[in-house]
Amino acid sequence: MIIILEPKADRGRVEAELKALGLWTSRFESHHGGAEVLLVEPHSMAVDPGRIIAVEGVADVQVPTSSHPRLDARKGEPILFGDLAVGPGEAPVLMAGPCSIESREQIHEAAALVARAGGHFLRGGAFKPRTSPYSFQGHGRVALGWIREAADAHGLRVVTEVMSETEVEAVAAVADLVQIGSRNMQNYALLHAVGSAGKPVLLKRGMAASVDEWLLAAEHLLAAGAAGVVLCERGIQGADPATRNLLDLGAVALVRHQYGLPVVVDPSHATGRRDLVLPLGRAGLAAGAAGLLIEAHPNAAEARSDGPQALSPAELVALGETCFPAASPPRPSRARRPPEGAAPAQEAR
Ligand code: PEP
Ligand code: MN
C-alpha cells in the first residue's frame, strides 16, 4: 500500500501518527506530481484505508496492483546516460566487448572495435565469476582503470561486473552501468551495496530465476538507491544442452510490453556459440529488447574466457550494421564474411 501526502504535509508527524496505528512506512520517491509518497512496509498491521485517510496530511491511499511498486513507478521511462536514453521507445543500444579484460592493449583494441561497430557501451570483466577456481579470474582493480581509459578514448560508456561488496566503490567509480552477474542476482547484501552507490545497474537474470524473482531483485536495487535498473536476459537453464542456456524471449517481451521496463538481451551467454549470436540478437530486438550485450574479442582464438561465443571483429561490425544501422558508421565495402566455424556449446564457466 502507498500513502500519498498532501503538498504541505509534515511528513514526520504523519509518519508518527501512522506508526501509532501500526503502520511502518518508508519514503518512496514517486511521480505523483512531485507529492511525497510513503510505502507501507509489509510487516505493518492491517488498517482500514478510511482510518489512514483521516490522518491529517494524508491525501490518498492506494493499493498497488503488484509487488514491485518502484518498478511500476518507472514504467515506460528510459534510463539516461548523459544524452543517451536506454529503454522503451528509444533506439536500441549496443553494449559489446570481451568477456574478460585481459590486458591494457586488448581492451583498447576492443574499444576501437566496439566504436567501429557503432557500439554505445564497452563491456569487459575485471572480476570474473568462474566455475573453476583454476580458470582466469580477471585482473581485478587494475583492469578497471584500463577499461575506463579505453572507453574514454573511443567515446564509449563502461559496463562492468562487480562481484563483491568490498569492490562496489571501486567499480561504481569507473562504471556508467554497474553489472550484477546472473550468479549474484539474489545476493541481497551485494544488491544493497550496489544500490546504495546510486548508479544505474545492469541486472542479469539468474539462471534459474523466475521473472518475478528477477523483478524483485531489481526492486531491492531501487529500494537501496540505484539510479535505475536495466534488466538483462542471458538465458536460463533449459532441458537441452545443445545451446549453453535457453534464451527466454517470452520474458523479454513480457518485461518490455507488460511492465514497460528496459531489458537488454545477451545472446552470447545464452547460446555459448558465436554463430547463433546474430540470429538471437535480432530475435531479442524483435521481442522488444532495448539493446544487446555482446561478447566480441579482437582475437577470439586467444580469449582467456568464453572464446567460443566471442564474435570476431568482422562479425561484430556486421552485427552493428544489421541491428544498429542508425549507430553504425558507413563502411566503404559492405561485403560480409561468412560466420566462423560453429563452436561447440560450452559448459557454464
Ligand atoms: C558476463 O557477462 O561477463 C557474465 C559472467 O555473464 P553471466 O553473469 O550472465 O553469466
Ligand atoms: Mn563471458
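Each reported figure results from applying straightforward, stated rules to the coordinates on display, with no laboratory input. Quick caveat: nothing in here was measured; it's all calculated off a predicted structure. Every residue, glycine among them, receives a Cβ derived from its backbone with ideal geometry; neighbour counts consider all protein chains shown.
Structure values in brief
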| quantity | calculated |
| --- | --- |
| Amide H contacts under 5 Å for GLN179, placed H, 5+ residues apart | THR160, GLU161, VAL162, LEU202 |
| Percent of beta bridges antiparallel (DSSP, the chain, rounded to nearest 5) | 35 percent |
| PHE81 long-range amide H proximity, modeled H, under 5 Å | VAL86 |
| Percentage relative contact order, the chain, counting C-alpha pairs under 8 Å, at least six apart | 16 percent |
| For region 130-274, alpha-carbon Rg and Dmax in angstrom | 15.3, 43 |
| P(r) histogram, all alpha-carbon pairs of region 237-327 included - 5 Å bins from 0, percent | 3, 15, 23, 23, 18, 12, 5, 1, 0 |
| Amide H contacts under 5 Å for GLY228, placed H, 5+ residues apart | VAL201 |
| Relative contact order [Cα under 8 Å, 6+ residues apart], region 53-181, whole percent | 18 percent |
| At R0 = 35 Å, FRET efficiency that the Cβ-Cβ distance of HIS257 and GLU56 yields, to 0.05 | 0.25 |
| Volume of the Cα convex hull of region 223-289, divided per residue and given in Å³ | 97 Å³ |
| Tilt relative to the chain, helix 141-153 - C-alpha long axis, 0 to 90 degrees, to 10 | 80 degrees |
| Counting all C-alpha pairs of region 93-156, share separated by more than 16 Å (%) | 40 percent |
| Quotient of Cα Rg and 2.2 N^0.38 Å for region 24-177, N being how many residues it contains | 1.46 |
| Spherically averaged projected area of region 37-79 from its Cα convex hull (nm²) | 4.1 nm² |
| Angle between the chain longest axis and helix 104-116 axis [Cα atoms, degrees, rounded to 10] | 80 degrees |
| Among the listed pairs LYS75/LYS199; LYS19/LYS204; LYS75/LYS128, those beyond 29 Å (Cα-Cα) | LYS19/LYS204; LYS75/LYS128 |
| Tail beyond 20 Å, pair distance distribution of region 133-196 (Cα, percent) | 29 percent |
| Environment charge at PHE127 (Cβ cut-off 11 Å; Lys +1, Arg +1, Asp -1, Glu -1) | +1 |
| Rel. contact order, % - alpha carbon contacts under 8 angstrom, at least six apart, region 1-129 | 21 percent |
| Nearest-20 debye value, the chain charge dipole, Cβ charges on Lys, Arg, Asp, Glu | 780 debye |
| Counting DSSP beta bridges with both ends in region 138-271, the antiparallel % (nearest 5) | 5 percent |
| Counting DSSP beta bridges with both ends in region 7-154, the antiparallel % (nearest 5) | 70 percent |
| Compactness index (Cα Rg / 2.2 N^0.38 Å), the chain | 1.07 |
